[in-house]
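What follows is a set of notes on a single structure, which appears directly below.
The values are calculated or read from the model by the stated rules, or taken from the named source; none is laboratory data. Model, not experiment: these values are computed from the prediction. Because the Cβ atoms are built from the backbone with ideal geometry, glycine has one as well, and the counts that use them run over all protein chains shown. Note: accessible area is taken over every heavy atom of the protein model, side chains too, but ligands, DNA and RNA are not part of it. Shrake-Rupley method; radii C 1.70, N 1.55, O 1.52, S 1.80 Å.
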There are 4 protein chains.
Amino acid sequence: MSSSIVDVQNRTDTRGLAIHKVGIKDLLYPVRVKQQDGSEQSVQGLFTMTVRLPHHVKGTHMSRFVEILQQQKEALDHESLIKMLYRMTDRLNVEAGEIAVKFNYFLDKVAPVSGQISAMDYQVQLAAEIRHGAAQLVTQVVVPVTSLCPCSKEISAYGAHNQRCHLTLTVVSDEPIAIEELITIAESEASCDIYGLVKRSDEKYITERAYENPKFVEDMVRDVALRLNQDARIVDYEIESENFESIHNHSAYALIRRLG
Amino acid sequence: MSSSIVDVQNRTDTRGLAIHKVGIKDLLYPVRVKQQDGSEQSVQGLFTMTVRLPHHVKGTHMSRFVEILQQQKEALDHESLIKMLYRMTDRLNVEAGEIAVKFNYFLDKVAPVSGQISAMDYQVQLAAEIRHGAAQLVTQVVVPVTSLCPCSKEISAYGAHNQRCHLTLTVVSDEPIAIEELITIAESEASCDIYGLVKRSDEKYITERAYENPKFVEDMVRDVALRLNQDARIVDYEIESENFESIHNHSAYALIRRLG
Amino acid sequence: MSSSIVDVQNRTDTRGLAIHKVGIKDLLYPVRVKQQDGSEQSVQGLFTMTVRLPHHVKGTHMSRFVEILQQQKEALDHESLIKMLYRMTDRLNVEAGEIAVKFNYFLDKVAPVSGQISAMDYQVQLAAEIRHGAAQLVTQVVVPVTSLCPCSKEISAYGAHNQRCHLTLTVVSDEPIAIEELITIAESEASCDIYGLVKRSDEKYITERAYENPKFVEDMVRDVALRLNQDARIVDYEIESENFESIHNHSAYALIRRLG
Amino acid sequence: MSSSIVDVQNRTDTRGLAIHKVGIKDLLYPVRVKQQDGSEQSVQGLFTMTVRLPHHVKGTHMSRFVEILQQQKEALDHESLIKMLYRMTDRLNVEAGEIAVKFNYFLDKVAPVSGQISAMDYQVQLAAEIRHGAAQLVTQVVVPVTSLCPCSKEISAYGAHNQRCHLTLTVVSDEPIAIEELITIAESEASCDIYGLVKRSDEKYITERAYENPKFVEDMVRDVALRLNQDARIVDYEIESENFESIHNHSAYALIRRLG
């Protein structure tokens, strides 16, 4: 039936302007993600899928992006995301395109003393882009940790202000890097990592560990950078640290980047 | 080891003030939800779990709430949520408590003409409360639909402004009501329901259907109320309609409630 | 001209259902607010304005709500908000209505040791409702403070986890209560209040003060309740404390209420 | 007193890593902004202020950023923002820095037929950056408009779906460009602009105007681009169009950019 309906998008455009990105944004869709150990996790992905539109075409075909997503049966990892991206650029008959998907990802963590297990949530974004025939991958994780202020510790008779902090690692790589690898690096370079479930013995451990290991936002981005600098798979990175300061109603923030 | 660590929370409080709710808020946790057809869906629940604290106790035991959640193996529906709630009040040795969990819930929808299938997302909240030994259930769904303005249609030579609209149904019931039942009612009382994936034939259908079926926010809450009034399982309800107006940068809003 | 255009909203409705609230939601509008010292502060108010609609009327007149707001020249305080509310119910010819306005409110704070001055922001909501001819006022403030965990302090060899905390006071009163009064109470019952601008001498003070003054979320709501219980102007209140825990990725939460 | 307190931030760092941005993020502060007509508007600015930190310095001085803001007496426009930026880099003794401030900005709009006046809110960001001794300015406005789908209009017997849309213009310029200029361009290239307060005569006008002027997200970014291409002051731009689709629960999106 739809063959008899006018296709306005396919008309010729005469304004002479290519469009760098056009498609769908913020579509929530259930997908599975491959974990480092090979098992799969059900997540809800917030998808943005766009293509480059040549100057002479009036519009893209929005429904095809959702079709590509609906047809995606394989769990997402870097390899399957790139395959999905090629299916999208083929289906839309374009040479450049991009898929980015954000989701909350859960890992079981073991409390440091009691050994109690609980899930921790991390915000993750996987993005893949085709440009000039080559695909590039970007992996981003936002890792909640605790940070304790070195200045506050040193100048005070007792105590030290500390707070929740977000360490965000955004990594461009030629070879796949597991989400779990980036989370582990971030957690090990904070004043201390954090947990869903802690008993008193764990709370004592975290409190003392953070006090023994004070870090500014500047320290955390530098220490993570030293770690990423040792990984030959990583082309570019951006590392951010944001302290939701407990003595202010604003954040302390630092960013360090390397462009390959 | 933790047996030798001081338990500050268990101390006596002398301020003479009971606390109506104390516990954990906004904990994101992976759980499964039972669907109407008996199958299960993996969701990420945002949990708030609280209890009433007697006046003579200094503090609650925060870690026990997470333990209850970590031990929850059964998929959530009204029955299993109430069982979880009783486990919580038992474990914390209190007489009143509440669990509320918000999550995005997906249903496959079939486009009205092309028959194409795609997932649609709905915000859901299930809440259960124990007070004086009895448990009460509240189910809330936020259903995105389209609404077309009757006034704009009638006064204009052609066209009519329309927009995305959220219909929110909050229902207190003695017997279980499926999430799917509430979604179906909301979608059938809007100007038209909406879809992730539509072909041109579907777009034509939705456009014309909404134009033939104009509704104010007032109409939508009244039409849903007429439907809920026919359901003997429902004790109380609150129905909200919010138009993200396409001719304004604010919303039109209506609310109708019935308290049993 | 508009007199010749059909007025769809004014038509008769036959569904037999009154609507409890109908109007506009989330309209951002520039207004002024009266401060405790009599001066005025420019704020941006997020307004929700609704009326009760009788069962026999099809729809309300949405534009009149915005007219009432546009005509509001006087700075808002409890008295002028109630006058505005009566203008709204008169203009819409109804017996019940409600205006709620949320805004960020700034106060100059003086750092505790250095004496440096900086602005602090607080989220405020003023609401007024007419029901059965009488107006009722609700004032809400969200006050960011720091809280230090008594358990963590007591069980640890050194340090104690602390974090940003929101103390939310919602007060129903017969007589006006200044925003500033509620902020002062909340700040004085936290482990320590916080500041936009602190020098090292202030940071030392805040760190040590919080360490000397550990409080659970339970303690903060009780201590604020004891203060509000002494104020004869207050009819009802609800006090909430939410710790954005530095050792978790979720909040600890407590609520205490008094219904007059 | 603070002279006798250890200055941890000033210590030498040996990790050999410069930090690209360090400072404060999301500090809400009351400021004034200069309007195109020379008058001033009170706004609440959400400030992010950062500097580049040399590799051999351990940390920046966070309090100095807030001092710079607290000392800012002049209303913000491009000229005064750059002066503020130079004060910041001088005070922190660095060669590169950046200030970005987001705020809601209000303009009085006149309804197209009735002539009724009401305020409309726009999200604005002004950013200034110093790099290699030169300052660069970026102005961003998010303009809410209405968009009507050309495809839906053409294929349907009557009606056409339309929705709220955000047009976002981000402009790098050598010479100042007024916020009002960018808003005017965006509003004139949508299907129709929108208003806080409309009477029925205005609603009829907007409905018909949008129906006569259907535009895809692709059309809007191209039409705005044609306008910006004519302005010699503009070096680079990025234009985004996001339709909060009334027939979907996700957005249609387009982006066009020019890098000078």
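What relative contact order, as a whole-number percentage, does the range D:80-195 give when Cα pairs under 8 Å and 6 or more residues apart are counted?
22 percent
Please report the base-10 log of the normalised intensity I(q)/I(0) for chain B, using a Debye sum with one equal scatterer per alpha carbon and no solvent, at each q in 0.09, 0.13, 0.16 (1/Å).
Ignoring solvent entirely, the Cα scatterers give -0.51, -0.90, -1.18.
Rounded to the nearest 0.05, what FRET efficiency do D:Tyr158 and B:Arg87 give with R0 = 60 Å and r taken as the Cβ-Cβ distance? Could you check?
Working from the Cβ atoms, E equals 0.60.
Can you bin every Cα-Cα distance in the range B:1-132 into 5 Å intervals starting at zero and give me the percent of pairs per bin, rounded to whole numbers?
Whole-percent P(r) values from 0 Å outward: 2, 9, 17, 19, 15, 12, 9, 6, 4, 3, 2, 1, 1, 0.
May I ask you to report, in nm to one decimal and beginning with the shortest, the distances from C:Asp26 to the same position in the other copies, taking label points 7 Å along Cα-to-Cβ?
Between copies, matching label points for C:Asp26 lie 0.9, 1.7, 1.9 nm apart.
Interface size between chain B and chain A, please: total buried accessible area, 1.4 Å probe, rounded to the nearest 100 Å².
Using a 1.4 Å probe on protein heavy atoms, the buried area is about 2800 Å².
Mind listing the Cα extents of the protein assembly as shown along all three principal axes, in Å, largest one first?
77, 65, 61
How high is the relative contact order of the range B:1-141, in percent, with contacts defined as C-alpha pairs under 8 Å that are six or more residues apart?
Value for the range B:1-141: 21 percent.
Can you list, shortest first in nanometers, how far B:Ser188 lies from the same residue in the other copies, with each label 7 Å from Cα toward Cβ?
5.1, 5.8, 6.0
Among A:His20, A:Tyr122, A:Thr48, whose Cα sits farthest toward the positive end of the charge dipole of chain A (+1 at Cβ of Lys/Arg, -1 at Cβ of Asp/Glu, about the Cα centre)?
Positive-end residue among those listed: A:His20.
What is chain A's relative contact order, in percent, from Cα pairs under 8 angstrom and six or more apart in sequence?
14 percent
Grab the residue from chain A whose Cβ hugs the A-to-D rotation axis most tightly, plus its distance in whole angstrom.
A:Leu259, 8
Let a ≥ b ≥ c be the square roots of the eigenvalues of the Cα gyration tensor of the range A:73-213; is it rounded (a/c under 1.5), or, if not, prolate (a/b larger than b/c) or oblate?
It is prolate, given that a/c is not under 1.5 and a/b is the larger ratio.
As a test of the formula, what do you get for chain D when each DSSP H run with n ≥ 4 contributes -39,500 (n - 2.57) and the sum is divided by the residue count, at 222 nm and rounded to the nearest 500 deg cm²/dmol?
Here the helix-only value at 222 nm equals -7500 deg cm²/dmol.
Going by amide H atoms built from the backbone, whose H comes under 5 Å of the H on D:Arg11, apart from near neighbours?
D:Lys58, D:Gly59
Which of D:Ser152, D:Ser42, D:Ser173 moves most in a GNM of chain D, Cα contacts under 10 Å?
Of D:Ser152, D:Ser42, D:Ser173, the Gaussian network model singles out D:Ser152 as fluctuating most.
To the nearest 20 debye, what charge dipole does the range D:139-194 have about its Cα centre, counting +1 at the Cβ of each Lys and Arg and -1 at the Cβ of each Asp and Glu?
Taking the Cα centre of the range D:139-194 as origin, the dipole is about 420 debye.
What FRET efficiency do you get for D:Glu212 and A:Asp26 if R0 is 25 Å and r is their Cβ-Cβ distance, rounded to the nearest 0.05?
About 0.25, to the nearest 0.05.
Rounded to the nearest 20 Debye, what is the dipole magnitude of the range A:1-72 about its Cα centre when Lys and Arg each give +1 and Asp and Glu each give -1 at the C-beta?
300 debye
Any chance you could give the angle, 0 to 90 degrees and rounded to 10, that helix B:179-188 forms with the longest Cα principal axis of chain B?
The two axes meet at around 30 degrees.
Any idea how far the Cα center of the range D:114-153 sits from the one of the range C:16-70, in Å?
The distance from the Cα centre of the range D:114-153 to that of the range C:16-70 comes to 26 Å.
Identify all lysines with a Cα-Cα distance to C:Lys199 below 28 Å; exclude those on the same chain that are fewer than 8 residues away in sequence.
Filter leaves A:Lys153, A:Lys215, C:Lys109, C:Lys153, C:Lys215, D:Lys21, D:Lys25, D:Lys58, D:Lys73, D:Lys83, D:Lys102.
Taking the Cα-to-Cβ direction at D:Ala18 and at B:Ser188 and moving 7 Å from each Cα, how far apart do the two end points lie in nm?
6.7 nm
How many nanometers, to one decimal and shortest first, lie between the label point of A:Arg15 and those of its other copies, if labels sit 7 Å from Cα toward Cβ?
From this label point to the equivalent ones elsewhere in the assembly: 4.1, 4.6, 6.1 nm.
Just to confirm my numbers, what's the Cα centroid distance between the range C:206-260 and the range B:186-256 in Å?
What the calculation gives is 41 Å, centre to centre.
In nm, to one decimal, how far is the modelled label at C:Ile117 from the one at A:Val110, with both set 7 Å along Cα→Cβ?
Between C:Ile117 and A:Val110, the label points sit 5.7 nm apart.
If amide H atoms are built 1.01 Å from N in the plane of the peptide, which residues on other chains or at least 5 residues away come under 5 Å of the amide H of C:Val43?
Distant-sequence amide H within range of C:Val43: C:Val31, C:Arg32, C:Val33.
Could you work out the local net charge near B:Glu95, counting Lys and Arg as +1, Asp and Glu as -1, over the other residues with Cβ closer than 10 Å to its Cβ?
+2
Sticking with the crude label model, points 7 Å out along Cα→Cβ, report the distance from A:Asn229 to A:Ser39 in nm, one decimal please.
3.7 nm
With unit charges on the beta carbon (Lys/Arg positive, Asp/Glu negative), name the residue among D:Gly59, D:His78, D:Cys151 whose Cα is farthest towards the positive pole of the charge dipole of the range D:49-154.
With unit charges placed on the Cβ atoms, the residue in question is D:Gly59.
Taking K and R as +1 and D and E as -1, what net charge do the other residues with C-beta under 14 Å from the C-beta of B:Gly38 add up to?
Around B:Gly38, the charge tally is -4.
Would you tally the net charge around C:Asp13, using a Cβ to Cβ cut-off of less than 12 Å, leaving C:Asp13 out, and scoring K and R as +1, D and E as -1?
Every neighbour counted, the sum reads +1.
What do you get for the angle between helix A:200-212 and the principal long axis of chain A? Use alpha-carbon atoms, 0 to 90 degrees, nearest ten.
So the helix axis and the longest Cα principal axis differ by about 90 degrees.
Rounded to whole Hz and in sequence order, give me ³J(HN,Hα) for the range D:150-162 from the Karplus expression 6.51 cos²θ - 1.76 cosθ + 1.60, θ = phi - 60°, writing x for Gly and Pro.
Karplus-based 3J(HN,Hα) across the range D:150-162 equals x, 5, 4, 4, 6, 8, 9, 5, 7, x, 5, 6, 9 Hz.
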